[in-house]
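J.: Input: one structure, supplied below.
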Amino acid sequence: MLVGVIGKPNVGKSTFFKSATLADVEIANYPFATIKPNSGIGHVRVDCVDKEFMVQCNPRTGFCINHKRFLAVELIDVAGLVPGAHEGKGLGNEFLNDLQPADALIHVIDASGGTNEKGEVVEEGSYDPAEDIRFLDKELDMWYLGIMKRGWDKFARTIQKENLNVVKTIAKQLSGLKVTEMHVEDCLKEKGLADNNPEDWNDEELFGFAQGLRKKTKPMIIAANKCDRKVSFNNIERLKKDFSEYTIIPCSADSELALREATKSKIVDYVPGNSEFIMDESKLNDKQKEALKFIKKNVLGLFGSTGVQNALNGAVFNLLNYIHVYPGGMNNLKDKDGNILPDCFLLKNGSTALDFAFRVHTDIGKHFIKAMDVKKRMPVGKEHILNDGDVIEIMTAK
């Protein structure tokens, strides 16, 4: 699973990425500070099942703090996009192509309206952040359309001439964008094109199909960054009303980065996603104290969190519809090294016990006999649909 962090230059996109990953990336107050995409590991947060068993887990990957489990997710920070990106402006085509393997997108915008369409700093409130949502939607749609139109006429004629399966052929052609047969089939039905020959589609129908596929294969959440600025609150409320099709999360990437780095330095006790933190004032100078008090009052006090963790969780659990499941034994939650509940896997909602077995290891899936629901202490079959937070023991033939 790969989550792409996108937006125009200078809106705090790289700060968001660094706050989520603590990766060493360049953060600068000018457009195009990022050229090559940055990749790193962020973490989604779940309630750890260890509390239900009254134990403390020992994660092999990720970490657990106060029974909040953090599971690794790959992130990519793509260079800033500007209007006309799909036409190559600002190296836009190259940057858009970096998004091809992404499963979901987090669009970081400047909610204060302090960055114009080119990514240049302007007076806060002088630019409408709604334009950022509109322009990026258009760029992504036109990018998809451009990819589809490359050799489309010949491609459509081939489907007709050779009597190829439309769904399978289009899905294979666009597989680099994470398009599946289900995406194609659903989109054809929604756009009323299921019974139409692709060779007969007009420009409007082709665009509508491209747009539909984009929304299905690159679902997006909006991180309304710089929420701590005075003009941001009203802007965010307006954006929520005007773009009800999107989840818009108030966000302060600067605050999250400050809290995570302070925690790393052991001057603050903070769990990512929490609405509060504890600071050790004996280790802080006056400037640090004021900065942390500002975060506590103007970010956590107003919005309940910095928004960074909410955006990551929203992308994985709401947009992509994932759940988390633990391998564990009916009589022993430890691995051979004595680690308690060391593993936890992210799976698509609707996954079965057999899907989980293959996710743990191919050989376990191949030799699956049955599974045990450890919480309910009952056997389940291979077609049993798993629930979020399940602990499952797999029985194999060897």
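J.: If the cut-off is a Cα-Cα distance under 19 Å, which aspartates and glutamates reach Lys154, setting aside same-chain residues fewer than 8 apart in sequence?
T.: The reachable aspartates and glutamates, counting only those whose Cα sits under 19 Å from Lys154, are Glu162, Glu199, Asp200, Asp203, Glu204, Glu205.
J.: Once you keep just the Cα pairs under 8 angstrom separated by 6 or more residues, what percentage relative contact order results for segment 107-169? Numbers along the way, then the final one.
T.: Details: 36 pairs, mean separation 12.0, N = 63.
Worked out over segment 107-169, it gives 19 percent.
J.: Could you point to the residue in Ile76, Val184, Ile394 farthest towards the positive end of the chain's charge dipole, with +1 and -1 charges on the Cβ of Lys/Arg and Asp/Glu respectively?
T.: Going by the Cα projections, it comes out as Ile394.
J.: To continue, here is another question. Would you please give the residues with an amide H less than 5 Å from that of Val5, counting only those at least 5 places away or on a separate chain, with H modeled from the backbone geometry?
T.: Ile76, Asp77, Val78, Ile106
J.: Through the Karplus equation 6.51 cos²θ - 1.76 cosθ + 1.60, θ set to phi - 60°, convert the phi angles of segment 304-318 into ³J(HN,Hα) values in whole Hz; use x for Gly and Pro.
T.: Using θ = phi - 60°, the values come out as x, 5, 7, x, 5, 5, 4, 5, 4, 4, x, 5, 7, 8, 8 Hz.
J.: Calculate one ³J(HN,Hα) per residue across segment 148-164 by plugging θ = phi - 60° into the Karplus curve 6.51 cos²θ - 1.76 cosθ + 1.60, and present them in order as whole Hz with x for glycine and proline.
T.: 5, 6, 5, x, 4, 4, 5, 4, 5, 5, 4, 4, 5, 5, 9, 6, 7
J.: Summing +1 for each Lys or Arg and -1 for each Asp or Glu, what net charge is found among the other residues whose Cβ lies under 14 Å from the Cβ of Glu393? Intermediate values should be presented prior to the final figure.
T.: Working: positive: Lys334, Lys370, Lys375, Lys376, Arg377, Lys382; negative: Asp335, Asp343, Asp373, Asp390.
Within the 14 Å Cβ shell, the charges total +2.
J.: For the chain, what relative contact order do you get, as a whole percent, if you take Cα pairs closer than 8 Å and at least 6 residues apart? The partial results should precede the final answer.
T.: Working: 748 pairs, mean separation 63.5, N = 398.
Taking the mean separation of contacting Cα pairs over the length of the chain, I get 16 percent.
J.: Using the per-residue mean of other Cβ atoms lying within 10 Å as a proxy for protection, in what order, highest first, do the peptides 223-234, 324-335 fall? Write out the running numbers ahead of the final one.
T.: Numbers: 223-234: 22.0, 324-335: 17.5.
Descending mean neighbour count gives 223-234, 324-335.
J.: What is the Cα centroid distance between segment 94-137 and segment 193-217, reported in whole angstrom?
T.: 26
J.: Give the cross-link partners of Lys375 among the aspartates and glutamates, using a straight C-alpha distance below 13 Å as the criterion and excluding same-chain residues fewer than 8 apart.
T.: Partners found: Asp50, Glu52, Asp388, Asp390, Glu393.
J.: Moving on to the next point. For the chain, what is the mean residue ellipticity at 222 nm derived from helices alone (per DSSP H run of n ≥ 4: -39500 (n - 2.57); sum divided by total residues; nearest 500 deg cm²/dmol)?
T.: -9500 deg cm²/dmol
J.: Now for a different question. Can you spot the aspartates and glutamates whose alpha carbon is less than 15 Å from Lys289's alpha carbon? Ignore those fewer than 8 places along the same chain.
T.: Reachable aspartates and glutamates: Glu261, Asp269, Glu276, Asp280, Glu281.
None of the figures in this text is laboratory data; all of them are computed from the coordinates on show. These numbers were taken from a predicted model, which means no experiment stands behind them. A quick note on method: Cβ atoms are made from the backbone with ideal geometry, for glycine too, and the neighbour counts reach across all protein chains shown.
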